[in-house]
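S.K.: Take this structure first; my questions come after.
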Amino acid sequence: MIAIVDYKMGNLASVQKALTYLKVESVITSSIEIIKSADAVILPGVGAYIPAMKALNESGLADAVKDFAKSGKPVLGICLGMQLLLDSSEEGGEITEGLGLIPGKVTKFPSEETIDKGLKVPQMGWNSLVDVNSSILREGDYVYFVHSYYCDCSNPEDVAAYAEYGIKYPCAIEKGNIFATQFHPEKSGEAGIQILQRFAEKVL
């Protein structure tokens, strides 16, 4: 069973709907005990970093996700959920501590490489994955993004794929049992369904 972490900031229903389509058992939950007993955890996220970390910390879910990740069982962060896995974020004009499972920081797209080139921030739409080094992603996967900030990973070996939007930036992570995507696989058509299928196969 896959636990989809509910901290009131995720696109939970669409993630569960995609798993149901794949006939993968899942539950949307804020129960620490259910998370502990799950076979895998998905940490989705939509919105701002500071209130997200506040919600995770105040509910005890931050420690629950960290403990689960350290158990060696699979974890998948999606969109904001990927960013929360890193050490910190600059969003909101201040440094906010993250879950610290992946070394790095979350930073805003640089205006000179995006806005000055006529690219709008947030990036909203479809983009291709490049330089893929992952067990669940494929080179050229065409997937759906909505974000203004990106993950600046400290260790290049943690990066599972890149995308290009003014700059070439890390858009997916794979480190041991930890996986994450800046894009939304649950909104990415067949490519996204296949990504979720490959993740699910790690616990089936």
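The values are calculated or read from the model by the stated rules, or taken from the named source; none is laboratory data. Since we're looking at a predicted model, the values are computed, not measured. We place every Cβ from the backbone using ideal geometry, glycine too, and count neighbours over all the protein chains shown. Ligands, DNA and RNA are excluded from the accessible area calculation, which covers all protein heavy atoms including side chains. Shrake-Rupley method; radii C 1.70, N 1.55, O 1.52, S 1.80 Å.
S.K.: Could you work out how much longer the chain between S14 and N155 gets when fully extended? Use 0.36 nm per residue separation minus the Cα distance between them, nm to one decimal.
M.R.: 47.6 nm
S.K.: So which of K17/K202; K23/K120; K120/K187; K66/K108; K17/K120; K36/K202 end up more than 27 Å apart by C-alpha?
M.R.: Values: K17/K202 19 Å; K23/K120 37 Å; K120/K187 20 Å; K66/K108 25 Å; K17/K120 30 Å; K36/K202 17 Å.
Pairs exceeding the cut-off: K23/K120; K17/K120.
S.K.: Can you give the accessible area per residue of the range 1-98, in Å², using a 1.4 Å probe? Walk me through the numbers on the way to the answer.
M.R.: Details: 4170 Å² over 98 residues.
Heavy-atom accessible area per residue stands at 43 Å².
S.K.: Among T20, T181, T96, which one moves the most in a GNM of the chain with springs linking Cα atoms closer than 10 Å?
M.R.: Largest GNM mean-square fluctuation: T20.
S.K.: Springs between alpha-carbon pairs under 10 angstrom, Gaussian network model over the chain: which of G104, G77, G166 fluctuates most?
M.R.: G166
S.K.: Here's something else I'd like to know. Among A64, L85, V15, which residue has its Cα positioned farthest towards the positive end of the charge dipole of the chain, with +1 placed on the Cβ of Lys and Arg, -1 on the Cβ of Asp and Glu, and the dipole taken about the Cα centre?
M.R.: So the residue furthest toward the plus end is V15.
S.K.: For G45, which sequence-distant residues (separation of 5 or more, or a different chain) have an amide H within less than 5 Å of its own amide H, given hydrogens modelled in the peptide plane?
M.R.: Under 5 Å from the amide H of G45 lie the amide H atoms of N11, I78, L80, G81, each far enough along the sequence or on another chain.
S.K.: Follow-up question, since we're still on this one. With Cβ to Cβ distances under 12 Å as the rule, what net charge do the other residues near I178 carry (K, R +1; D, E -1)?
M.R.: Details: positive: K66, K70, K73, K175, K202; negative: D158, E174.
Neighbour charge sum, excluding I178 itself: +3.
S.K.: Give, in whole angstrom and from largest to smallest, the semi-axes √(5λ) of the equivalent ellipsoid of the range 87-203, with λ running over the eigenvalues of the Cα gyration tensor.
M.R.: Working: eigenvalues 103, 67, 28 Å².
Computed over the range 87-203, the values are 23, 18, 12 Å.
S.K.: For the chain, what's the radius of gyration and Dmax over Cα atoms, in angstrom?
M.R.: Rg then Dmax for the chain, in Å: 15.6, 49.
S.K.: Also, I was wondering about something else. Where does the longest stretch of the chain lie that holds no GluC sites (Glu not before Pro) found in a DSSP loop with 10 or fewer other Cβ atoms within 10 Å?
M.R.: Working: sites that count: E94, E112.
Answer - 1-93.
S.K.: Skipping prolines and chain starts, which residues have an amide H placed within reach, meaning under 5 Å, of the one on F183, given they are 5 or more residues away or on another chain?
M.R.: HN-HN under 5 Å from F183: C79.
S.K.: May I ask for the net charge around S30, where only other residues with Cβ less than 10 Å from the Cβ of S30 are counted and Lys, Arg are +1 while Asp, Glu are -1? If you can, show how the numbers build up before the last one.
M.R.: Values: positive: K8; negative: D6.
Taking every other residue near S30 into account, the sum is 0.
S.K.: Can you give the local net charge around V203? Use residues other than it whose beta-carbon is closer than 13 angstrom to its beta-carbon, Lys and Arg +1, Asp and Glu -1.
M.R.: Working: positive: K73, R198, K202; negative: E25, D39, E201.
With Lys, Arg at +1 and Asp, Glu at -1, the net is 0.
S.K.: Accessible area of the range 52-204 with a 1.4 Å probe: how many percent of it is carbon plus sulfur?
M.R.: 46 percent
S.K.: Something else now. What residues of the range 138-161 lie in the reach of a label at N57, counting those whose backbone N is under 14 Å from a point 7 Å from the Cα along Cα→Cβ?
M.R.: none
S.K.: Now, a different point. Enumerate the calculated ³J(HN,Hα) couplings along the range 105-111 in order (Karplus 6.51 cos²θ - 1.76 cosθ + 1.60, θ = phi - 60°), each rounded to whole Hz, writing x wherever the residue is Gly or Pro.
M.R.: Karplus values, whole Hz, x for Gly and Pro: 9, 9, 9, 7, 4, x, 5.
S.K.: How large is the charge dipole for the chain, taken about the Cα centre, if only the Cβ atoms of Lys, Arg (+1) and Asp, Glu (-1) carry charge, to the nearest 20 debye? Write down the numbers at each step before the final one.
M.R.: Values: 18 positive and 26 negative charges, 97 e Å.
Approximately 460 debye in magnitude.
S.K.: Work out how much length I34 to K117 would gain on full extension: take 0.36 nm times their residue separation and subtract the Cα-Cα distance, in nm to one decimal. The partial results should precede the final answer.
M.R.: Details: separation 83, 0.36 × 83 = 29.88 nm, distance 4.69 nm.
Additional length available on full extension: 25.2 nm.
S.K.: Name the most mobile residue of S188, S89, S71, meaning the one with the largest mean-square fluctuation, in a Gaussian network model of the chain with Cα contacts below 10 Å.
M.R.: Among S188, S89, S71, the largest GNM mean-square fluctuation belongs to S71.
S.K.: If you don't mind, there's one more thing I want to ask. Step through the residues of the range 83-100 one at a time and calculate ³J(HN,Hα) from phi using the Karplus curve (6.51 cos²θ - 1.76 cosθ + 1.60, θ = phi - 60°), rounding each to whole Hz and writing x for Gly and Pro.
M.R.: Karplus values, whole Hz, x for Gly and Pro: 4, 5, 6, 7, 5, 7, 9, 8, 4, x, x, 9, 8, 10, 6, x, 6, x.
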